[in-house]
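Some notes on the structure that comes next.
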Ligand code: FEO
Ligand code: CA
Ligand code: CA
Ligand code: CA
């Protein structure tokens, strides 16, 4: 008989109760502590974090950013106690960032200095942090040469079909080869050759076009009235607008002394590759993987001599799931390369981008987004777009034309190392009024996780729905998977397999019916062990739902997001984003005393077993 690909991992902890505290909850026998919270100095150019919010923009450019999200651990010299943690910083909480933030602690007031706008931009992006396990505790290595920040202002290279195109010609980069900054870095990925991928999600909100929106701007949702944080407004008056802020106003006729920024937003919306091991390298925006609100970016199961495949969801209601297939074929020697970004050039600049169509019968089709792709009206994309760059610029608009399936907010993907099945969180979609097989619930408040297996051709896949989020006390029509108080969840978002075949599921902003009982959380399950009598993979239902166990609950107000694990599985890293009133101390489980108000700090939490053995087992 053919050996069955299934994990031997058995979860060794009891599912924990829901929790509603200003502290984290963990299973018995575990500890959780705070590592690298917002404002942690990476080098001595940054003053230590100040509880009154008075750190400067320069401090922030040399310290860990705000609102931690996706994350990856890169070992140094194959060590299990020494490595680089790459952390995304999705967005900011102005209340906490500034001394007189709009409403922190009852004080009202706005940013008063230009430096505070710079601080906001510098609090976005990515941190690379050297950490070492010393005396059984992970510690940030201040001043390590690898420590660095990528911010909303860092210069980055453009690669792939958009590089050197007229769409990217700006005052800053007249040949269209570079862009400034990365914004709203939510989910993440990594590559088989040892680089980090950070994903630009809700970047449209940072730009404004007060004139007529172009097709792509309209499709992606760039505003014609204002930006999220008003950086463009705070750039000064029309005669002396500062280039570093005025660039967020992409109005073609903007009347300002420093020029026209019409193409600035075109440098955003990509997967960005970072080589954490080379502190002198620039980040590279990999435009071949499409331009949209990328939530994550996950490579598929590798096979020598086959293309390298990446999956990425577009997180917005009724948006799509995408797959990129490289032209270059996988060579195992590239896993050990020291020319990491050149290897990125090899696999990530030339390939085919596809969008998913989920058919009614569990069969799926990947629809290519190329000039000769057929549209649902019997034309080709070439009738609507002149070049591949034009398709990339308006990826979602091209996907509309070929008939992709509108999904309930695609978030993270992850691949089962035993079966190769790909799992995707569909976080929720309260606006759904018409169902399709892959998104079968009207007003989907609780979300679900879908999975698929690739077929023999690049264009085929088969799929099923693994689990539906739900409150435990909902009727069977809503609680399709039979969840209980011990594993009820809503709004699945972060999603990651570790190499033992354990799937970690994180939640963001669970619906009220679940949040009445528990804050956002992280659950675990070993999907490849769920088999029927013919050894076919099963979905979760009332009979086997107990396999899904709650492992961790975050503090009040937060979402739990970002997953990393050391190669020996003894340390798990998860991020707490936008907590209300936490952390009170280095002990992540210590509850902030009632009546005490702390300036909230997003942070990584390290979860370890007290006996030092593998987490989860
Ligand atoms: Fe930033 Fe889609 O969560
Ligand atoms: Ca978030
Ligand atoms: Ca997310
Ligand atoms: Ca989310």
Worksheet item: Has region 103-114 got at least one residue that is over 21 Å from residue 563 (Cβ atoms), part of a loop (DSSP other than H, G, I, E, B) and modelled with pLDDT of 95 or more?
Response: no
Worksheet item: In region 425-445, what count of residues is obtained for those that are within 16 Å of ligand 1 (Cβ to nearest atom), buried (at least 24 other Cβ atoms within 10 Å of the Cβ) and part of a loop (DSSP other than H, G, I, E, B)?
Response: 2
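Hey, any hits in region 461-478 for a residue that's within 16 Å of ligand 1 (Cβ to nearest atom), under 23 Å from the mean Cα position of the chain (by Cα) and either assigned to a strand (DSSP E or B) or crowded, with 17+ Cβ neighbours inside 10 Å (or both)?
Step one: list which residues in region 461-478 are within 16 Å of ligand 1 (Cβ to nearest atom), which gives 469.
Going one step further and asking which of them are under 23 Å from the mean Cα position of the chain (by Cα), we end up with 469.
Now restrict to residues that are either assigned to a strand (DSSP E or B) or crowded, with 17+ Cβ neighbours inside 10 Å (or both): 469.
Yes.
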Discussion item. Suppose the filter is modelled with pLDDT of 95 or more, buried (at least 16 other Cβ atoms within 10 Å of the Cβ) and out of contact with any helix residue (DSSP H, G or I) (no Cβ under 9 Å at 6 or more places or on another chain); does residue 144 pass it?
Written reply: yes
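Consider residue 121 carefully, then state whether it is at pLDDT below 95, touching a helix residue (DSSP H, G or I) at 6+ places or on another chain (Cβ under 9 Å) and more than 16 Å from ligand 2 (Cβ to nearest atom).
On the way: at pLDDT below 95: no; touching a helix residue (DSSP H, G or I) at 6+ places or on another chain (Cβ under 9 Å): yes; more than 16 Å from ligand 2 (Cβ to nearest atom): yes.
For residue 121, the condition - at pLDDT below 95, touching a helix residue (DSSP H, G or I) at 6+ places or on another chain (Cβ under 9 Å) and more than 16 Å from ligand 2 (Cβ to nearest atom) - is not met.
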Fill in: Members of region 446-459 found to be farther than 19 Å from residue 312 by Cβ and surrounded by fewer than 20 Cβ atoms within 10 Å (Cβ to Cβ), listed by number
455, 456, 457
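For (1) touching a helix residue (DSSP H, G or I) at 6+ places or on another chain (Cβ under 6 Å); (2) crowded, with 19+ Cβ neighbours inside 10 Å; (3) closer than 26 Å to residue 91 by Cα, each residue gets a yes or a no:
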{"residue": "564", "(1), (2), (3)": "no, yes, yes"}
{"residue": "572", "(1), (2), (3)": "no, yes, yes"}
{"residue": "578", "(1), (2), (3)": "no, yes, yes"}
{"residue": "588", "(1), (2), (3)": "no, yes, yes"}
{"residue": "592", "(1), (2), (3)": "no, yes, yes"}
{"residue": "599", "(1), (2), (3)": "yes, yes, yes"}
{"residue": "612", "(1), (2), (3)": "no, no, no"}
Worksheet entry | Residue ID - surrounded by the most Cβ atoms within 10 Å (Cβ to Cβ), chosen from residues in region 489-505 that are more than 16 Å from ligand 1 (Cβ to nearest atom) and part of a loop (DSSP other than H, G, I, E, B) | 502
Worksheet item: Looking at region 310-319, which of the residues that are buried (at least 24 other Cβ atoms within 10 Å of the Cβ) and away from ligand 1 (no atom under 12 Å from the Cβ) is farthest from residue 190 (Cα to Cα)?
Response: 311
Fill in: Number of positions in region 332-372 that are touching a residue at least 40 places away in the same chain (Cβ under 8 Å) and farther than 30 Å from residue 279 by Cβ
18
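Report whether or not residue 486 is surrounded by fewer than 22 Cβ atoms within 10 Å (Cβ to Cβ) and within 20 Å of residue 539 (Cβ to Cβ).
Details: surrounded by fewer than 22 Cβ atoms within 10 Å (Cβ to Cβ): yes; within 20 Å of residue 539 (Cβ to Cβ): yes.
Yes; evaluated as a whole, the condition is true for this residue.
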Item to complete: Answer yes or no: is there a residue in region 547-556 that is within 16 Å of ligand 2 (Cβ to nearest atom), outside any helix (DSSP H, G or I) and buried (at least 23 other Cβ atoms within 10 Å of the Cβ).
Response: yes
Item to complete: Could you tell me whether region 579-599 includes any residue that is closer than 22 Å to residue 411 by Cα and either within 16 Å of ligand 3 (Cβ to nearest atom) or in contact (Cβ under 8 Å) with a residue 40 or more places away in the chain (or both)?
Response: yes
Fill in: Filtered residues of region 506-525 (kept if within 18 Å of residue 12 (Cβ to Cβ) and within 16 Å of ligand 1 (Cβ to nearest atom))
522
Discussion item. Residue 175 - would you say it is more than 16 Å from ligand 1 (Cβ to nearest atom), free of Cβ contacts under 8 Å to residues at least 40 places away in the same chain, surrounded by fewer than 22 Cβ atoms within 10 Å (Cβ to Cβ) and more than 29 Å from residue 243 (Cα to Cα)?
Written reply: no
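The values are calculated or read from the model by the stated rules, or taken from the named source; none is laboratory data. Treat the numbers as computed from the prediction; the structure is a model and nothing was measured. All Cβ positions, even for glycine, are placed from backbone atoms using ideal geometry, and neighbour counts span all protein chains on display.
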